[in-house]
Protein chains: 2
Amino acid sequence: MRVYKNPNKSDWNTLIKRPILEQQDLDDIVIDILKDVKNNKDQALFKYAEKFDKTKLDTIQIDANEIETAKNQLPQDLKNAINLAKQNIETFHKSQKEKEQIIETTKGVKCWRRSVGIEKVGLYIPGGSAPLFSTILMLGIPAQLAGCKEIILCSPPNKEGHINPAILYTANLVGISKIYKVGGAQAIAAMAYGTESIPQVYKIFGPGNQFVTKAKELIQQQGVAIDMPAGPSEVLVIADKTSNPEFVAADLLSQAEHGADSQVILVSDDENIINQTIAELDKQLSQLPRKAIAEKALKISRAIQLNSINECIEFSNLYAPEHLIIATDNASDYIEHITNAGSVFLGKYSCESAGDYASGTNHTLPTNGYARNYSGVSLDSFVKKITFQNLNKEGIKNIGPAIELMAEAEGLDAHKNAVTLRLKQINNV
Amino acid sequence: MRVYKNPNKSDWNTLIKRPILEQQDLDDIVIDILKDVKNNKDQALFKYAEKFDKTKLDTIQIDANEIETAKNQLPQDLKNAINLAKQNIETFHKSQKEKEQIIETTKGVKCWRRSVGIEKVGLYIPGGSAPLFSTILMLGIPAQLAGCKEIILCSPPNKEGHINPAILYTANLVGISKIYKVGGAQAIAAMAYGTESIPQVYKIFGPGNQFVTKAKELIQQQGVAIDMPAGPSEVLVIADKTSNPEFVAADLLSQAEHGADSQVILVSDDENIINQTIAELDKQLSQLPRKAIAEKALKISRAIQLNSINECIEFSNLYAPEHLIIATDNASDYIEHITNAGSVFLGKYSCESAGDYASGTNHTLPTNGYARNYSGVSLDSFVKKITFQNLNKEGIKNIGPAIELMAEAEGLDAHKNAVTLRLKQINNV
């Protein structure tokens, strides 16, 4: 972790830079996979399972027996933990339901919005070393609350052709029954175009590797919506002399273990806290199973000493972190000043892990500075808000003349005429 | 307008097809413009003003005098009309403000969301034959309500180097002072990258031609957010024997006059209404200044007779229209059944023009079937919803053990450790 002491503001734009990813030129590879799945459907999926997942599948869809087996395989305490997380996530996302409010903007003119679930959504859950069943809670629960009619899930099989039981258990728990053994760009293609086994969806959610990300970017240009643009995970911690360096180090490491390209930033007005945190990092790092990954992430990470906590907040707003932890005793004092962040953790007991798993907030958040212009996933992500309006005679009489003038000034006479004919009819009766 | 009588459901997928646009291959042209503006900034903008707008500009930004002049040029009745529209749009969009609700998901675990305006937004307003000042209301008003700190506007100049006074008046009315004489892909590039005159923004809104659309698509891949993907405007009208064919025809024409590629669809359970509407179309068309455009749009449009109004709704949901007019007496009975639409107009006096200008709803809506997976522009489009959480000792004690189990099962030990250390400290005190 490189330390910067009171850098000039003119250098801040350099300090907020994310690590530059080695962008492999994946376009051609992913375009070929998309085309192949579009044309050859299931046949292409079987082929890619052999090629990339090293398994020969009989069927693509998980059957009910596999789910029953998974339920029995999972230890009860883990099931209880998942259930607790589910309840909190449900409670928080339920509170995001918008009440329908009919607004009479002018006498006789009523306008309102209705939230309607996106009919068909697809969730992608990566496989690999860690079975990210927590992401199923984060995506499946709001999808159900939103009233999405068809919710499907794709996840890559292991070499034995199976999907991790924690994934099957969690999917089943949140009411997702259509689960498919497909990973990578081919999974995104299958959900975007549909195959014999996999239904086509209107919006695709979920994290993934570079192939998945590229596939999502490409299918977005073809009319399928996606949750948000992707980038490596990151945390920015603001600490002062009231912070606990042991906790701060643990939070930085829990981000660093995600991947070698994860970025962790410590910002503080206190030199001691920075030094103590760095000492704690070394101590805790040696204990971690994912030490090698976290070590790489720390190499591209930064500790920045600034003049005041207000300046730290200013820096954070410029950086626009996915996760922002304000590890100070008076963390709540800064709420009003936070303009760019995905999710904010206030005070010493609000660790990022809480939001990653079980507090109730969503962990699918904007990375890579996208917190400047994107929100994290919420109930909103799974609905369309359709506007409705109802004008009665009085309503059209009240606003009709204004519409006629504006339409005429825009040179749109048929727009004007639609009003004129109605006003004429009302006046003639 | 081609008439289809009781088509088979198997043919519906053909009937919902949008006209295929002659997609010029604009990629190379637009990529060059983007690069040029990125590298040469204002200098490139002056060059493109000469090339595309046929005008030699001295400065890019509109000065205060030009705005004052515009105010005096505009007739008072048009100003009054714009003011009335502004009030209704303000009232409706204000109602979309989300109240902050702190949710205690588990004792000691508090979660909430705060809506924070996107700091810097850019609005694009096309020039050309019609000065679309109404779009400034639709974008500028929610941007102000959202608390966006910097709101800028680009619109192409005419040959004399001026911008239409209605555009300047309306921009000033909604509090936008930074107005730039730039059009086309170069305007999108300028707002995405920033130039000497034009500040860089985080999200770009507004309609435009194929060059503008392509530029927005490309800069979205570079991290700048956009309002939504674009396509030609469209309306679907559902009519029955209670509908007024004169009004229905007027509504169809007010869509058709937008452009030769606009699509208008009439769906009805009543043959007479279809025939009467077609007769009315002929009658009204001959009176329109934009007759040539509307005539072309009608050529690619459809009247479809189905068995019942419920079937008409089913068809509409499959089509997912930008605008849906239910022109029947009992229109409100169908609200619950509408799953895919941008904005819905209920009953005979709710003409599309009302929503286009002055009822209060937004007219920036998803076209081309995007109503399946996108919402129209609203206050939401101008904010990020940042999640916050605060756990006290009791909170981390209540959910900590569940987090530890889940993190361990996902193989993320540093995530677990961030909780373990806190639980230890609490138990030791």
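Among the GluC sites (Glu not before Pro) in the range A:150-237, those placed in a DSSP loop whose Cβ has at most 13 other Cβ atoms within 10 Å are A:E160, A:E196. When the protein assembly as shown is described by a simple charge dipole with +1 on each Lys and Arg Cβ and -1 on each Asp and Glu Cβ, the residue from B:N272, B:Y319, B:G360 located farthest towards its positive end is B:G360. Kindly list the residues of the range A:366-394 that lie in the label zone of A:K107, defined by a backbone N under 18 Å from the point 7 Å along the Cα-to-C-beta vector. Answer for the range A:366-394: A:390-394.
Measuring with a 1.4 angstrom probe and ignoring ligands and nucleic acids, B:D63 comes out at about 80 Å² accessible.
Projected onto their three principal axes, the Cα atoms of chain B cover extents of 87, 61, 44 Å, largest first. Over the Cα atoms of the range B:54-154, the radius of gyration divided by the Kirkwood radius equals 1.13; this is the Rg/Rh ratio. Computed in the context of the full set of protein chains, the accessible area of chain A at 1.4 Å probe radius has 45% of its extent on carbon or sulfur. In this simple spin-label approximation, A:N83 and B:K71 carry label points 7 Å from Cα along the Cα→Cβ vector, and these lie 6.7 nm apart. Note on B:R18 and A:I20: their simple-model spin labels are 3.7 nm apart, each label 7 Å out from Cα toward Cβ.
Bridges between two residues of the range A:54-182, per DSSP, are antiparallel at a rate of about 30%. Cβ under 13 Å from A:K107's Cβ, A:K107 left aside: what net charge do those residues give with Lys, Arg +1 and Asp, Glu -1? For residues surrounding A:K107, the net value is +1.
For the pair B:E50 and B:R2, a Förster radius of 60 Å applied to the C-beta separation gives a FRET efficiency near 0.85, rounded to the nearest 0.05. Shape analysis of the protein assembly as shown yields a ratio of the Cα radius of gyration to the Kirkwood radius, Rg/Rh, of 0.98. In the range A:38-110, a dipole from Cβ-located charges (positive for Lys and Arg, negative for Asp and Glu) runs towards its positive end, and of A:I60, A:G108, A:I82 it is A:G108 whose Cα lies farthest in that direction. Of all lysines in the structure, the ones whose alpha carbon falls short of 18 Å from that of A:K296, not counting any fewer than 8 places away in one chain, are A:K17, A:K283.
A 1.4 Å probe run over the range A:302-429, with the rest of the protein chains in place, finds 27 Å² accessible per residue. Inter-copy label distances for A:Q61: 6.1 nm (label point placed 7 Å from Cα along Cα→Cβ; shortest first). Taking a sphere under 12 Å around the Cβ of A:L391 and counting the other residues whose Cβ falls inside, with K and R at +1 and D and E at -1, yields a net charge of +3. Summed over both chains, the contact between A and B buries some 10400 Å² of accessible surface at a probe radius of 1.4 Å.
Quick note on the range B:262-326: its Rg to Rh ratio, both from C-alpha atoms and Rh being the Kirkwood radius, is 0.99. Over the range A:192-246, the hull volume per residue, using the convex hull of the C-alpha atoms, is 132 Å³. Label the range A:80-125 by shape, choosing from rounded, prolate and oblate, from the square roots a ≥ b ≥ c of the eigenvalues of the Cα gyration tensor; if a/c is under 1.5 it is rounded, and otherwise prolate applies when a/b is larger than b/c, oblate when it is not. Oblate.
Seen from B:A166, the other residues with C-beta closer than 10 Å to its C-beta sum to a net charge of 0, counting Lys and Arg as +1 and Asp and Glu as -1.
Per residue, the accessible area of the range B:38-84 comes to 63 Å², computed with a 1.4 Å probe over protein heavy atoms only.
Residues of the range A:93-107 that bury at least 40 Å² of accessible area once all protein chains are present, compared with their chain alone (1.4 Å probe, heavy atoms only, ligands and nucleic acids left out), are A:S95, A:I103, A:T105. Here the Karplus curve 6.51 cos²θ - 1.76 cosθ + 1.60, taken at θ = phi - 60°, turns the phi angles of the range B:213-220 into couplings of 4, 5, 4, 5, 4, 6, 6, 4 Hz, with x standing for Gly and Pro. Mean projected area of the Cα convex hull of the range B:124-217, taken over all directions, amounts to 5.8 nm². When +1 charges are put on Lys and Arg Cβ atoms and -1 charges on Asp and Glu Cβ atoms, the dipole computed for chain B relative to its Cα centre reaches about 1260 debye.
Model label points for B:I31 and B:S10, set 7 angstrom from Cα along the Cα-to-Cβ axis, are 4.3 nm apart.
Helices in the protein assembly as shown, meaning DSSP H runs of at least 4 residues, each add -39500 (n - 2.57). Divided by all residues, the mean residue ellipticity at 222 nm is -14000 deg cm²/dmol.
Per the rotation superposing chains A and B, the chain A residue found at the smallest beta carbon distance from the axis is A:D380, 3, distance in Å. Measuring between alpha carbons in the structure, the pairs from A:K110/B:K86; A:K384/B:K5; B:K393/B:K416; B:K38/B:K149 lying more than 21 angstrom apart are A:K384/B:K5; B:K38/B:K149. Computed over the range B:159-208, the P(r) curve from all C-alpha pair distances, binned at 10 Å from the origin, holds 21, 54, 25, 0 percent per bin.
Dimensions of the range A:259-406 along the principal axes, based on C-alpha atoms and rounded to the nearest Å, stand at 75, 35, 26, largest first. In angstrom, the C-alpha Rg and Dmax of the range B:323-429 are 25.2, 72.
Per-residue 3J(HN,Hα) values for the range B:235-242, derived from phi via the Karplus relation 6.51 cos²θ - 1.76 cosθ + 1.60 with θ = phi - 60°, read 9, 10, 10, 9, 10, 9, 5, 7 Hz in sequence order (x marks Gly and Pro). Converting the Cα gyration tensor eigenvalues of the range A:164-317 into ellipsoid dimensions via √(5λ) gives semi-axes, longest first, of 39, 18, 13 Å. Taking trypsin sites (Lys or Arg not before Pro) across the range B:108-169, the ones in a DSSP loop with at most 12 further Cβ atoms lying within 10 angstrom of their Cβ are B:K149, B:K159.
The values are calculated or read from the model by the stated rules, or taken from the named source; none is laboratory data. What you see is a predicted model, and the numbers here were worked out from it, not measured in a lab. Positions of Cβ are generated from backbone atoms using ideal geometry, with glycine treated the same way; all protein chains shown enter the neighbour counts. We work out accessible area using only protein heavy atoms, side chains counted, and drop any ligands, DNA or RNA first. Shrake-Rupley method; radii C 1.70, N 1.55, O 1.52, S 1.80 Å.
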